[in-house]
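These notes concern the structure reproduced below.
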Amino acid sequence: MANQVQYIFDDKNLRNSEPLKYKEEDLKSEEMIINIGPQHPSTHGVLRLEVVTNGEIVVDVVPHIGFLHRCFEKHAESVPFNQTIPFVDRMDYLAAMNSEHAYAMGVERMLGIDGQLPERVEYIRVLVAELNRLASHFVAIGSYGADIGAFTPFFWMLRDREHILRMLEWVCGARMLYNYIWIGGLFYDLPVGFEERCQEFISYLKPKLTELEKVFIENKIFIERTANVGVLPIDLGISYGVTGPMLRGSGLKYDLRKVDGYSVYPKIEFEVPVGKGEMGTIGDCWDRTWVRAQECHQSVRIIEQCLEQLIGDHKRTRDFDPRKMVPKKIRPKAQDLYVRAENPKGEIGFFFRADGRSDIPLRVKARGPSFMNLSVISELAKGGLIADLIAIVGSIDIVLGEVDR
Amino acid sequence: MKFEEIVEYIKSELGANVVLELIENATPKGFVTNTDRLISVMQFLHSDEQLYFDSLSCLTGLDNGPEEGTVEVIYNLYSIPFDHHLMIKVQVDRDQAEVPTVSGVWKTADWQEREAYDLVGINFNGHPDLRRILMPADWQGNPLRKDYEEQEFYHGIKLEE
């Protein structure tokens, strides 16, 4: 192997592998192409934007994606169902628990064991998923502040997120990529003492969320920077497949936790905040961020109710085995199945095809909410300023791991 | 409306020949249609007042392998106001994988079809901007084809083993 050729030098090797969509000669005389990214902090990862500008005005935006493509779907059809879960983590790495939950639900539905899981397992799943939702929204809000020039919220949010990551590390041993929710159960029960510490954390967090709203969300500078910027009408959003806080920011009360009522969400009380256009137009950048901040309050409510159950009716018992329902052999009948769930960014979906003869799926397609939410960017940014483009990209809250998969 | 009612309604409005085959072992249930009628079926599903499938949740390209010799495109539709689900499938020949685009009906189909074109190698006729989306523009082959073999070198870099 030592003498194998690893690289063949050629002058043309450094040629551009992703050409521009617009050609210089097709532009009008006052138009110019500006390239933003892929290495730029305001693009939230490796996103490259080809921006056609006329002075300060954005004429068109063409996103070039795929820099973080790690062949999720190719991997998923070459390993058994349960071994795909670590790959699922790496899609939306800021909200891995939520993606795992959706994936595990899909395979459980194919096996026909959904709804038979112990209640304690379901409550733990919802608990960790909502903790992760908080962490994801904290990054979204904090980094959005940093994008448009407010640095303090970024530190505050990452400080509180750090507590959540440490709690989740205590649960499963990893900070971000958990592999905790298994098909048919969980890796482990919650560690002893977790419920009480989590309650303490929640009572610490509540005033911090109010403080965030007062200092950041309702800040005059922030409102003036984001209100009436990047307005997304509902019908356009639905046509582009936009979901999650972005569509709710446009005023549509559409949350899959309520609509589909999966897991134990029907037993839990919470509200679905929607954008009202309080500071500007319905569906602007401010509404989206406000919806995320309100969802943090709702997640806290859900966590409180889960903890109540996990200490009360479904408390820890000596004979509780979170892996009792984990199947030894995962071989669903031949079928197609589409499963969806509410991720912090929107609707995550998995399409499965099982052939009934092997433990390996024939095809797994992942529908990432960030991918769909990003596709609407040219509609939002057209006709605005370049500076507003940065504000719009931040308000979409993309994770490039999920866009590129 | 239940699935059976939806199918009956479509048959009565568009003719029985649009539903080639019902897919029973699927969640949500659906039917197979042919590529010639695909656009008219989709436009009807999208804008009919009783169905109103306003969102295309997921578009999947799928290769059945060289033995079967077919590729499929699977559309998962959802109606937000009525809470209906429906799965639509079309099947085409593997060597001439050409399906009409539905990007005129749902704008989200634009990127999703580009992804299916990129990874599975399905041509969407009439697509406004059919370029590769996840792989580089000068990549060879379609990675999710069952008989895919990756190229030996990419820009002079040895790829595997």
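Please treat every number below as a calculation from the coordinates, not as lab data. The structure displayed is predicted, hence computed values, not measured ones. Note that each Cβ is placed from the backbone with ideal geometry, even for glycine, and that neighbours are counted across all protein chains shown.
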Rounded Å value of the spacing that divides the Cα centres of segment B:1-49 and segment B:122-151: 29
Using Cα centres only, tell me the gap between segment A:133-195 and segment A:327-405 in whole Å. 20
If one compares the long axis through the Cα atoms of helix A:386-396 with the longest principal axis of the Cα atoms of chain A, the angle in degrees, nearest 10, works out at 10
Between A:I348, A:V291, A:Y103, whose Cα lies farthest towards the positive end of the dipole of segment A:72-404 when Lys and Arg beta carbons carry +1 and Asp and Glu beta carbons carry -1, centred on the Cα centre? A:Y103
GNM, chain A, Cα, under 10 Å: largest mean-square fluctuation among A:A354, A:A366, A:A334? A:A334
Helix B:3-14 versus the longest principal axis of chain B: what is the Cα-based angle in degrees, 0 to 90, to the nearest 10? 90
Pick out, in residue order, every one of the chymotrypsin sites (Phe, Trp or Tyr not before Pro) in segment A:1-35 that is DSSP loop and has at most 10 other C-beta atoms within 10 Å; say none if there are none. A:F9
Karplus couplings for segment A:14-26 from phi (6.51 cos²θ - 1.76 cosθ + 1.60, θ = phi - 60°), rounded to Hz, Gly and Pro as x? 8, 5, 6, 8, 10, x, 5, 6, 8, 9, 4, 6, 7
Longer than 21 Å from Cα to Cα, which of B:K2/B:K107; A:K208/A:K276; A:K12/B:K158; A:K276/A:K345; A:K208/A:K315 are they? Say none if no pair is. B:K2/B:K107; A:K208/A:K276; A:K208/A:K315
Site A:D321, offset 7 angstrom along Cα→Cβ, radius 18 Å on amide nitrogen, limited to segment A:168-201, gives A:182-190
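Counting only C-alpha contacts under 8 Å and six or more residues apart, can you give the relative contact order of chain A as a whole percent?
Relative contact order here is 24 percent.
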Return the sequence-ordered ³J(HN,Hα) values of segment A:127-142 in whole Hz as given by the Karplus equation 6.51 cos²θ - 1.76 cosθ + 1.60 applied to θ = phi - 60°, using x for Gly and Pro. 4, 5, 5, 6, 4, 5, 5, 4, 4, 5, 5, 4, 5, 4, 5, x
Please get the size of the charge dipole for chain A, origin at its Cα centre, with Cβ charges of +1 on Lys and Arg and -1 on Asp and Glu, quoted in debye to the nearest 20. 1240
For chain A, the longest stretch holding no GluC sites (Glu not before Pro) located in a DSSP loop with at most 11 other Cβ atoms within 10 Å is which? A:57-268
Residues B:M1, A:M325, B:M87 in order from fewest to most other beta-carbon atoms within 10 Å are B:M1, A:M325, B:M87
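With charges only on Cβ, +1 for K and R and -1 for D and E, what is the dipole size of segment B:3-145 about its Cα centre, in debye, rounded to 20?
The calculation lands at about 320 debye.
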